[in-house]
Amino acid sequence: MSLNLRPLTENDYPAWIRADEEAFGNVIPPHRRELFMELVDFDRSLGAFDGAELVGATCICGFTMTVPGGPVPVAGVTAVAVLPSH
């Protein structure tokens, strides 16, 4: 099996939500899908594709963290999911 890795796009979001729901065994309500989409840094998030099918993904949500010396930008890694078939 050969997988292709690439940054996710907004067009991948519906497939990513389906994979996340299947991997975690939950349903994400529509209003939370919209809120979460606003937080995602798509160009820094990564999808694994088996052909055209999204089979795994991870998401980056950027935020600012205050540390000694002042605030710095950081990447929060979240929503790491892989379909059970893979």
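The values are calculated or read from the model by the stated rules, or taken from the named source; none is laboratory data. Just so it is clear, the model here is predicted, and its values are computed rather than measured. Cβ atoms come from the backbone with ideal geometry, glycine included; neighbour counts cover every protein chain shown. The protein model used for the area step is the full one, side chains on, heavy atoms only, and it has no ligands, DNA or RNA in it. Shrake-Rupley method; radii C 1.70, N 1.55, O 1.52, S 1.80 Å.
Numbers at a glance
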| quantity | calculated |
| --- | --- |
| Flag if Phe42 is over 11 Å from Val80 (Cα atoms) and touching a Cys at 6+ places or on another chain (Cβ under 9 Å) | yes |
| Residues (open to solvent by less than 50 Å² (accessible area, probe 1.4 Å) and part of a helix (DSSP H, G or I)) located in segment 1-16 | Asp12, Tyr13, Ala15, Trp16 |
| Selection count, segment 17-66, where residues are buried (at least 17 other Cβ atoms within 10 Å of the Cβ) and part of a loop (DSSP other than H, G, I, E, B) | 2 |
| Any chance Ile28 is closer than 15 Å to Leu83 by Cβ and of a type in the set (Val, Ile, Thr) | no |
| Residue match in segment 70-82 (condition: of a type in the set (Ser, Thr, Tyr) and modelled with pLDDT under 95) | yes |
| Every pair of residues 6+ apart whose Cβ atoms lie under 8 Å, when the first sits in segment 61-86 and is closer than 18 Å to Arg33 by Cα while the second is open to solvent by 90 Å² or more (accessible area, probe 1.4 Å) | Cys61/Leu39; Gly62/Arg44; Gly62/Pro73; Gly76/Phe63; Ala81/Glu22; Ala81/Phe24 |
